[in-house]
Amino acid sequence: QVQLVESGGGLVQSGGSLRLSCAASGSILSFYYTGWYRQAPGNEREFVARITSNGSTYYADSVKGRFTISRDNAKNTVSLQMNSLKPEDTAVYYCRGSGGGMNSWGEGTLVTVSS
């Protein structure tokens, strides 16, 4: 099982930027897709963005145009560049890898956007 570890969360002001990173313990291409999900207090976990093994990207409508997902195959990492952050983006962000007989989740990293 390939393990995933997130990093890069923190506190940022509204309108600011953060870059999250997800490091895999093995080949990131072991998964059909790798993505980011988030869960705000009292809310269900929701999809944010994902990138497939062939490089196709998908985004939730709420982050389209502000967030960008990318992958570095050599470093086995997937990143989420978050710009123009809003208070409603505050959540724990989780990395997920799915496919190849695996469904792996990281422990999450907290992003707090102050108004």
Next on the checklist: Test of understanding: in a Gaussian network model of the chain with alpha carbons linked when under 10 Å, which of LEU85, LEU11, LEU29 would top the mean-square fluctuation ranking?
Outcome noted: LEU11
Item to check | Size of charge dipole - the chain - debye, nearest 20, with Cβ of Lys, Arg +1 and Asp, Glu -1, no other charges | outcome: 220
Next on the checklist: Ignoring ligands, DNA and RNA, please state the percent of accessible area on the chain from carbon and sulfur, probe 1.4 Å.
Outcome noted: 45
Item to check | Student exercise, the stretch 67-115 dipole from Lys, Arg, Asp, Glu Cβ charges, in Debye to nearest 20 | outcome: 140
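Please return the longest stretch of the chain lacking exposed loop sites, where GluC sites (Glu not before Pro) count only if DSSP places them in a loop and at most 16 other Cβ atoms lie within 10 Å.
Counting only loop sites that pass the neighbour cut-off, the longest clear stretch is 45-106.
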Checklist entry - Spin-label point model (7 Å from Cα, Cβ direction): what's the GLU107 to GLN39 distance in nm? => result 1.5
Checklist entry - For TYR33, what charge total do you get from the other residues with a beta carbon under 15 Å from its beta carbon, if Lys and Arg give +1 and Asp and Glu give -1? => result +3
Checklist entry - For the chain, what is the accessible area per residue in Å², given a 1.4 Å probe and the full set of protein chains? => result 50
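The values are calculated or read from the model by the stated rules, or taken from the named source; none is laboratory data. Every value quoted in this text rests on a predicted model; they were computed, and no experiment measured them. Cβ: placed from backbone, ideal geometry, glycine included. Neighbour counts: every protein chain shown. Just the protein is used for accessible areas: all its heavy atoms, side chains included, with ligands, DNA and RNA removed. Shrake-Rupley method; radii C 1.70, N 1.55, O 1.52, S 1.80 Å.
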